[in-house]
Amino acid sequence: MNKLNYLFYLLLVLIIIFLLNSNFFGENNYSNRDALVIENTAQRLKNEAIKKENEILEFEIKNAQNSNDHVENFAREKLNLTYPEEEFISFEEEKKDDERK
């Protein structure tokens with residue numbers, strides 16, 4: 001009976017070692033999990049940035065649908081469109097010497 005208990009304990013220890021081996025060295029180990037957590041965090045940040053851009057675009061679309069002034073302002077600023085009797089003047093910002101290097 002005593003040998004049977006030792007055999008049972010040995011079997012339990014082997015099963016535990018086998019399971020721990022798969023956790024640390026198997027296909028779904030902790031290093032793969034950590035890499036996935038980092039990748040997931042990076043993807044969340046990208047998604048948040050895209051959500052903010054979508055909110056801005058949604059705001060611009062709603063303004064364009066509700067206001068002719070917004071459409072005119074967009075055409076003047078983004079597309080450089082003017083009325084036939086107007087002159088369009090644009091100013092370019094000078095770059096500092098530090099920024100050119």
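None of the figures in this text is laboratory data; all of them are computed from the coordinates on show. Predicted model, so just to flag it, every value in this text is computed and none were measured. Glycine gets a Cβ as well: all are built from the backbone with ideal geometry, and neighbour counts include every protein chain shown.
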Checked the stretch 1-45 for anything touching a helix residue (DSSP H, G or I) at 6+ places or on another chain (Cβ under 8 Å) and among the hydrophobic types (A, V, I, L, M, F, W, C); matches are 24
Quick check: anything in the stretch 37-59 in a helix (DSSP H, G or I), of a type in the set (A, V, I, L, M), closer than 30 Å to residue 83 by Cα and out of contact with any strand residue (DSSP E or B) (no Cβ under 7 Å at 6 or more places or on another chain)? yes
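Please verify whether the stretch 42-63 includes one or more residues that are hydrophobic (A, V, I, L, M, F, W, C) and more than 30 Å from residue 78 (Cα to Cα).
The initial filter retains those residues of the stretch 42-63 that are hydrophobic (A, V, I, L, M, F, W, C), namely 42, 45, 49-50, 56-57, 59, 61.
Within this subset, residues satisfying the condition of being more than 30 Å from residue 78 (Cα to Cα) are 42.
Yes, the stretch 42-63 contains a residue that is hydrophobic (A, V, I, L, M, F, W, C) and more than 30 Å from residue 78 (Cα to Cα).
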